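The values are calculated or read from the model by the stated rules, or taken from the named source; none is laboratory data. It should be emphasised that the depicted structure is a prediction, and the values quoted were computed from it without experimental measurement. Cβ atoms come from the backbone with ideal geometry, glycine included; neighbour counts cover every protein chain shown. These area figures cover heavy atoms from the full protein model, side chains too; ligands, DNA and RNA do not enter into them. Shrake-Rupley method; radii C 1.70, N 1.55, O 1.52, S 1.80 Å.
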Amino acid sequence: MSAIRGIFSSSILNAARAVAMVAALGGAATAQAAFPERPITLVVSYAPGGSADALARLLAQRMGAKLNTSVVVENRPGASGTIGAAYVAKAAADGYTVLYDATPYSINPHLFPQMPYAKDALKPLSLVSLAPNILIVKADSKYKDVKDLIAQAKAHPGKINFASGGSGTVQRLAAELFRQKLNLDMVHVPYKSGGPAITDVMTGQVDFMFSTVAASYPLVQAGRLRALAISSPQRSALLPNVPTVAETAIPGYEVYEWNGVFLPAGVPNDVAAKLHDTLVQVLKEDEVRKRFNDLGVQPVGSTPAEFADYLKKEDAKWAQVIRQGDIRQD
């Protein structure tokens, strides 16, 4: 009788355990389905006030509205974006810390002898935007078009100079790719940021530079700078009369400043999918697209696989330019 009683008690205990296990699994599923349950931090690897910061804040506000939580922008600038990227790479892989980065992400590994985070520590979520650079000279420059600039550079080796916001910037590498493709002898003049570089182009202290559309378009419109060419494969709707570098001098030339979103590598797939779908929905909103286009920026919204493929191509392109130009970090 005691044996039967023992078997009966054991059966009740096992059943209770089974019920508890089912409840626990159900609770876990509910917790996952409830993401996000608290605010999300969107880490921007660059200082406040720049175009990446402005676009990130717009997306954060709209994503927060769709996710019924706050998406808080946190700027962690420094070391060409590696400080912010390293912070997110080492954050908890729960979806509550997200990285908003830009083109230097693809450039830095070829300039820094050692990166502060592992290559596979971050996973691409979506390409957010593409923005071409404008080849600018001062408003009354003797260079009337790209062919004129090239002719002068060939006639006077080592006499033409170009500005940038530093060795690791797209501005520098866009000009370096231009120089390499045409086999020109020109001098690079680095600045601490793009603003002072543009100022010296306006005053004629430096011959030319490749500058972001956001920074230089208003000055071109105001007649304070002259735009000779644009770095995208097609002409810009903002500057329809400005030819592309590809059509005037270097077939296939293409340089963009891109923005994209990354997650720590271990974020669960369902959480990553929810963040991705929300971001892509926001990028399709008419108001958001208008804000992007007004800045000369093309909104994208890609799959993670498409973004990963794009990053591989960017990595290969800039690795070759940096190696061929023997470019070092300032």
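Here is how the numbers come out for the structure above:
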{"quantity": "Residue in segment 27-49 that is within 30 Å of R172 (Cβ to Cβ), outside any loop (DSSP other than H, G, I, E, B) and open to solvent by 30 Å² or more (accessible area, probe 1.4 Å) present", "calculated": "no"}
{"quantity": "Residue match in segment 85-94 (condition: among the aliphatic types (A, V, I, L, M), farther than 20 Å from I230 by Cβ, part of a loop (DSSP other than H, G, I, E, B) and open to solvent by 30 Å² or more (accessible area, probe 1.4 Å))", "calculated": "yes"}
{"quantity": "From the options G223, G204, G158, G168, residue that is in a loop (DSSP other than H, G, I, E, B) and surrounded by 17 or more Cβ atoms within 10 Å (Cβ to Cβ)", "calculated": "G168"}
{"quantity": "Selection from segment 70-105 of residues that are of a type in the set (A, V, I, L, M), within 29 Å of A316 (Cβ to Cβ) and at pLDDT 95 or above", "calculated": "I83, A85, A86, V88, A89, A91, A93, V98, L99, A102"}
{"quantity": "Selection count, segment 186-195, where residues are at pLDDT 95 or above and of a type outside the set (A, V, I, L, M)", "calculated": "1"}
{"quantity": "Test: residue in segment 172-180 that is touching a strand residue (DSSP E or B) at 6+ places or on another chain (Cβ under 9 Å), open to solvent by 40 Å² or more (accessible area, probe 1.4 Å) and either modelled with pLDDT under 95 or not β-branched (V, I, T) (or both)", "calculated": "yes"}
{"quantity": "Test: residue in segment 256-274 that is under 20 Å from R62 (Cα atoms), assigned to a strand (DSSP E or B), among the aliphatic types (A, V, I, L, M) and at pLDDT 95 or above", "calculated": "yes"}
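The rows are residues; the columns are (1) touching a residue at least 24 places away in the same chain (Cβ under 8 Å); (2) closer than 19 Å to L283 by Cβ.
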{"site": "A52", "(1), (2)": "yes, yes"}
{"site": "I107", "(1), (2)": "yes, no"}
{"site": "H110", "(1), (2)": "yes, no"}
{"site": "K119", "(1), (2)": "no, no"}
